[in-house]
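Nothing in this text is a laboratory measurement; each read-out follows from the coordinates by a stated rule. Remember, predicted model here, so these are calculated numbers, not experimental data. Counting neighbours? That spans all protein chains shown, and the Cβs are built from the backbone with ideal geometry, glycine included.
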Amino acid sequence: MSTHYPALIIVVPLLTAVIVAAVGWINKKYCFPLSVASLAASLLSSIGLLFEVMKTNGEVVYRFAGWEAPMGIVYNIDYLNSLVLIVVTAVALINLIFSKGSIENDFPDKEGVFYALYILFTTGLVGMVATGDAFNLYVLLEIASLTGYALLGIGNERSPLSTLNYLFIGTIGATFYLLGVGYIYIATGTLNMAEIALIIPKLPNVGIIKFAFVICMVGLFVKMALFPMHGWLPNAYSNAPSSSIGLIAPLTTKVTVYIMVRAGITIFTPEFTFEKMHLDKWIVWLSVIGIVMGSCFALAQKNYKKMLTYIVVAEVGYMVGGFWLGNKLGITGSILHIVNDAAMTLCVFMAAGIFSYKIGDHISDFKGLFKKMPFTMTAFAVGGLSIIGVPPTCGFFSKWYLVSGGIEAVKATGSIGALAFIVALLFSSLVNAVLFFRIFEVAHFEPFSEGHGHEGHSAVEINEAPLGMLIPFFIVAFSLIFLGIFSGDIVSNIINQFIPVLPAGI
Amino acid sequence: MEREWIDVITLAIVIVCAIGAINVKDLLGASILLGAYSFLMCILWAVMGAVDVAFTEATVGAGVSTVFCVAAVFHTTRRTKD
Amino acid sequence: MKILGWLTVLMCGALLIFNVSEFPDMGDANSPANSKQNLSEYFLKKAYHDTKVPNVVTAVLADYRGYDTMYETAVIFSAGLACFFLLRIFRKKGPKSRFYRHTPTGVTLRIDEGGKLPEESDVFKRIDSIWIPHDNIVRITCRLVVPFIQIFALYVIAHGHYSPGGGFQGGVLLGASIILIAVSNNLRAGIQRMSEKGAALMGSAGVLIYAGTAALCLLLGSQFLNYNALAKLLHIKPVVARYNGILIVEIGVALAVMAVMVWIYYNLSSAGKHDEGL
Amino acid sequence: METVYSIKPFLAVLISLCVVPIIISSRTENIREGWTFAAAIIKFLIIASMLPIILSGGNLEFTIAQIMPAVSIKFKVDAFGLLFALVSSFLWIITSIYSIGYMRSLNEHSQTRYFAFFALSLCAAVGVAFSANFFTMYLFYEMLSFATYPLVTHHQDKESRTSGRKYLFYILGSSIAFLIPAMLITFSYSGTMEFASQGFMQNVPPELLLILLFMFVFGFAKCGIMPLHSWLPAAMVAPTPVSALLHAVAVVKVGVFCVIRVITNVFGTDLLAKYGYNDYICYIAAFTIITASLIALSQDGLKRRLAFSTIGQLSYIILGVALLSKNAVMASMLHIAMHAFGKITLFFCAGAIYASTKIKNISDMVGIGRRMPITMGCFFIGSLSVIGLPPTGGIISKWYLVLGTLEADKIFLLVVLLVSSLLNAAYFLPVVYKAFFCTEEETMFEKGVKEPPIWCVVPLVITAGISLIMFFYPQPFLQLADLAVNSLGVK
Amino acid sequence: MDMALILAKANYWGYVILLLIGLYALISKNNLVKKIIGMVIFQTAVILFYITIAVKKGGNIPITPHGKGYVVEAANFMNPLPHVLMLTAIVVGVATLGVALALAIKVYKQYGTLEEDEINAMIREQ
């Protein structure tokens, strides 16, 4: 079976989603175990795939329908794919187990469909990460987007409007990507990523490719909410139900960043991306502004979920900026941050889930929580510290690589953008410290006032979260430290294997 | 050459329909114009030799999509300011 | 907002138009997309040889790039799920008064709670509200047209190998026929033909047929979606297996698309309440 | 020089970490404090057991993990580190005893949290002492910042909240804004983080070197150098044992320890001497010494006065190492120990006074010596040590410092030292004077006021005693400092 | 620019215009259904672009005659690959349309209007 891992990762969830959607009409009881089983199978296969990749020294090829590369759709799984695959499936699995209670609570009639959408969303993301075909990526992007709209649009009373806006923006992004693929196809005549990379250096006239590149990137930037295209994200995410936001917030932006890395390195080749385009400086500046703006807006928020969404915007800036520094350390940091930020964001959004289930979303409601729910708050504190970037949590290490990449860039080219990027990173770390210690302060100092909390929640007794939520939450918090301590292994065994030799002089 | 002219003329009507669809001050009318737009587009594609795509656009774009739009407009409002 | 719109449009427009001049001319058979690479040529020359399907589009759609098409079906399926998930409101109790129409006269009866309900038949038909129009001409015309639409749809599905069309187009046509019934009568008439649960299950079944066939190939020891593997099972030649595989898959697509189109229509046209329809 | 691969340093760091869960989960107070005590003693014993190897000129090393290529979490015990670890782990034992008396007599809340985070802080402090490279040091430095926060804000009232904010803002802000970039720039130029006896900054351009030096010195805001000092007086809202151990020994000394490490083992004394950058640091430190002493004069709160005194004393240490001469570096290493014993005595006394009389201000302490003679006697010894007068240990480090300034031929700094000693005397001795030399009528205290509980008195007597003993028998510390300075090759 | 150039690339110009019309509606229109219509136009514009790629002058529809000894001359048939891709894109388009309309209906249920500025005013009042 091990040769079929690339297919299994995606097919098992897809089949299960369809089955779960049907089973939901017959007996709801089976939906949850089926979903968990499928995601677990997917996670196991992706771990297996990573080992397979290591065994075969960097590339596992899977030909769908048995056709060779340009004709059929082929997966070329390398280190980067398999790493991000594990992240995606693991986050999806843990969040699913975590949100069982709130799913049953929020959507009593539509449980089966929710699970089906949830798994389809995961399938879409997993497919995007695994695929080696530029057009196939678009289809999977749309699966993830459509199911994502459904999962986001069912939140509070404001969610339909914010989700509709997200849909418009998302469609613009995806369509731009599609257009970019079309331009690539015009110029190269193929859709397979590896083939495109082989053809681009040989092309006599790269005008179309340049434009294709720009338009693909614009599409992706819109999708990943890079400044100034970030406007949709905070509203769409903060109004969503907590069970789906725990899946979407950690993964969507990160997978899009992954696609950017994939496009920049595998499709367009690093020489083209960093040398011929002359875009890197501009994009680094964009990310700098994004980081600063995201952090500043996060400071202004009184609602915890909304604050987190602005942090997500800032984190996107980290990854994009790191990649566009164009040196090995920066790209390493960017990729490492995909992994770490997924875990970190999952952790803090899980906390958001628990808080909004028990108390509410306003930071001023969090009074006395350290006393009432010490274990939850401990895990939350780990998440917060990781976002601030305190060692030995994982947030520190990705920042380490990002800042080192910035220093390298300043040393090599004296670019002011890279300098600004370093300053922005440090500034945002400071702001994150303020943000999270503000919460810790409220939860630590303010005496707990009885009978607060908004209507509809007053019945819930405020104490530790149920064990079904607490255990996944702790697993995630622990993984933050785990990822931090083993970040060296991740970098040297996986990420560095992927990053190609970059052209000199950048 | 003849084919090109059919092509260009259809394209012109398609563009007119598109402008109409977004400018008409009645959502039901806009939906119908969208249907017309899709149908003309399907003709254009048929002229260009993409029969399968044209067929799909005829059933989906001109057919089902329009019905969806009309259904949604019926359940919301026809009124619009722009 | 207007200024922002114009600004974006102008920027994009300038970029796009600037690039058009770099494109190969329309209809240029020697542009990279059309000839230089072997893709277009390969498909046109080899598709029939590989799959025995003369319609190259169908062959590429369901075989070479069948993996895309599987997700295409999944996209439409998830759209169905999404519309249901977003809109559907399950009403716990029925409305207090019920409406029936005496078909021969067109008189509408309102029966409040406790009143005796007439038996549903051709004479008395349950409707949802008093104003639901009743037009025999529209109704009967549609009734006449629907069977033809459906037969044509089946033809499109079955004949997709040889002529334009295939599972997707046929499925939409089938769905459209049911939507037509729902439009011309009322939503209840449509739901009687195909219930919500039926639509949902059929949608699942459609995708399952596609993905299941593909997974079967995997279980038979070949790659995912490689219909060649079916040859062992069906005792036919691999090429014929591909031909048949495409057919099975197209049927799955048709089933899913039909069901989902109807399902989306139900939810959109009644805003999730499944009562009145248009 | 032999290097022994041994797990001992790791164990010494780990022991207080391991005891945290036990402290949290113990049922009764006695079990909890018993464990704290046991951990403190074991820790001290482990550290003390490394003494023979170090004294014989060897080193101990232990690598935990390779975090990144060329960056690992690694311990290496040298003479300097051991000196600091010995002091802080020994004082943990004493402070534990004192804490029991203090916390119980005041009926403080959340004592479990208090002991748990105390143990964590000590873990971090010893971790810093034993770090073999900059990364490990930074790791434990940050850990210390966070572990101390709940202790600073122990009272959970408005005042502690503001202080806690200030504390975090200065410590975390400086480390994020200065330390991390400085560390990464260094790493990016030199490709290594391992401490070396003459540093590893040879590849850095000289202009950048100066900027980096400032970034490092201000990045370690725990060392209380001006203008980044004002967190320390604010942090005095913490319970007294915390102020005593952390803000006289562990936290602030970690700050100066790191500065010494950076100057000697990251930059290297030769490199700094070559460009003469050390002068800048000298002048900043001198400024801090004088200013802090002047401010201390005007403070009425006893703990605040002690805090400003600490700021001044810390800058002695920085001044010493910035002079780059052999005696001066030795002086600053010695001063870590000497000042620790002296200052902790003073804090213990302040706490003891507060515990039995609830008085914080110096102006209210007239005649207290008559009621609490032991406490105030020890206070006197402590102040002598901090001022640097015989027969206490303080004189030894000060003596070397004076020698160092002469060696470096900086008469201006010598004047600064003398003036500041005078100022020290000016703000400490009046307290003692008022406490003892007054008539029975002038006393502000009733007859009923007695010495604090035995748990509080014993520790302060011990530390005062050690301050005295150090004057007569400073050999172990002298020897360690000498070894450390020799291994650095300071000329 | 002479007429021939415009004609030779007529469809490309057309697609750019349609794309811009759609984009403009998506960004500037105030009514949600109008925006959705703009979105549909935007997507179809890209489909038109792809179909244009596939055109070969004098080409036939891509259904190959078959029989013994018949050799297919590739230049005589349209390129089938973009057609296949666009079938998928159309499906994606209708799926997006469905979901967008569902969301619009939900918005209308919530606020009783489809005009974005009115809704925003309502949200601000809350």
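Estimated at 0.36 nm per residue, the fully extended path between residue C:126 and residue C:90 surpasses their Cα-Cα distance by 11.0 nm.
Computed over the Cα atoms of chain C, the ratio of the radius of gyration to the Kirkwood radius (Rg/Rh) comes to 1.11.
Counts of other chain beta carbons within 10 angstrom of each beta carbon in peptide A:398-408 average 4. To the nearest 10 degrees, how steep is helix C:2-20 against the longest Cα principal axis of chain C, on a 0 to 90 scale? In chain C, helix C:2-20 runs at an angle near 30 degrees to the longest axis. A Förster distance of 60 Å, applied to the separation of the beta-carbon atoms of residue A:492 and residue B:2, puts the FRET efficiency at 0.35. Translational diffusion of region D:98-228 was estimated from the Stokes-Einstein equation, with Rh taken as the Kirkwood radius over Cα pairs; at 10 °C and 1.306 mPa s the coefficient is 96 µm²/s.
Annotation note: GluC sites (Glu not before Pro) in region A:1-109 located in DSSP loop regions with a Cβ neighbour count of at most 15 within 10 Å are A:59, A:68.
In chain C, the sites counted are trypsin sites (Lys or Arg not before Pro) in DSSP loop states with at most 13 other Cβ atoms within 10 Å, and the longest stretch holding none of them, exclusive of the sites, is C:117-278.
With only Cα atoms counted, the protein assembly as shown has Rg and Dmax values of 37.6, 130 Å. Inter-chain Cβ neighbour count for A:134-143, averaged per residue, equals 6 (cutoff 10 Å, partner chain atoms only).
Relative intensity of region B:2-74 on a log10 scale, I(q)/I(0) at q = 0.18, 0.19, 0.24, 0.25 Å⁻¹, equals -0.67, -0.73, -1.00, -1.04, per a Debye sum over C-alpha point scatterers of equal strength in the absence of solvent. In chain B, Cα pairs under 8 Å separated by at least six residues give a relative contact order of 34 percent. Of the chymotrypsin sites (Phe, Trp or Tyr not before Pro) found in region E:1-96, the ones in coil according to DSSP and having at most 14 other Cβ atoms within 10 Å of their Cβ are E:70. Cα-based values for region D:258-402, radius of gyration first and Dmax second, are 17.1, 57 Å.
Over the residues of the protein assembly as shown, the helix contribution to mean residue ellipticity at 222 nm works out to -23000 deg cm²/dmol, using -39500 (n - 2.57) for each DSSP H run of at least 4. In loop segments of region D:308-417 as defined by DSSP, the trypsin sites (Lys or Arg not before Pro) with at most 12 further C-beta atoms inside 10 Å of their C-beta are D:358. No solvent, one uniform scatterer per C-alpha: report log10 I(q)/I(0) for region A:279-506 via the Debye equation at q = 0.15 1/Å, two decimals. These q points yield log10 I(q)/I(0) values of -0.93.
Where the centre of each part is set by its Cα atoms, how far does region C:220-253 sit from region A:187-210, in angstrom? With region C:220-253 and region A:187-210 each reduced to a Cα centre, they are spaced 34 Å. Using every pair of separate Cα atoms, the Kirkwood estimate puts the hydrodynamic radius of region D:402-442 at 12.3 angstrom. Projecting the alpha carbon convex hull of region A:14-114 along each direction and taking the average yields 7.6 nm². Once C-alpha pairs closer than 8 Å and six or more residues apart are averaged by separation and normalised to the residue number of chain A, the relative contact order reads 14 percent.
How high is the relative contact order of chain D, in percent, with contacts defined as C-alpha pairs under 8 Å that are six or more residues apart? That works out to 15 percent.
Sorted from longest to shortest, the spans of the Cα atoms of chain A along the three principal axes equal 73, 57, 42 Å. Whole-percent P(r), region D:3-488, all Cα pairs, 20 Å bins from 0: 26, 60, 14, 0.
The ratio of the alpha-carbon radius of gyration of region E:1-120 to the globular-protein estimate 2.2 N^0.38 Å is 1.47. What is the mean number of Cβ atoms from other protein chains located within 10 Å of the Cβ atom of each residue in peptide E:70-77, rounded to a whole number? Per residue, the average neighbour count from other chains is 5.
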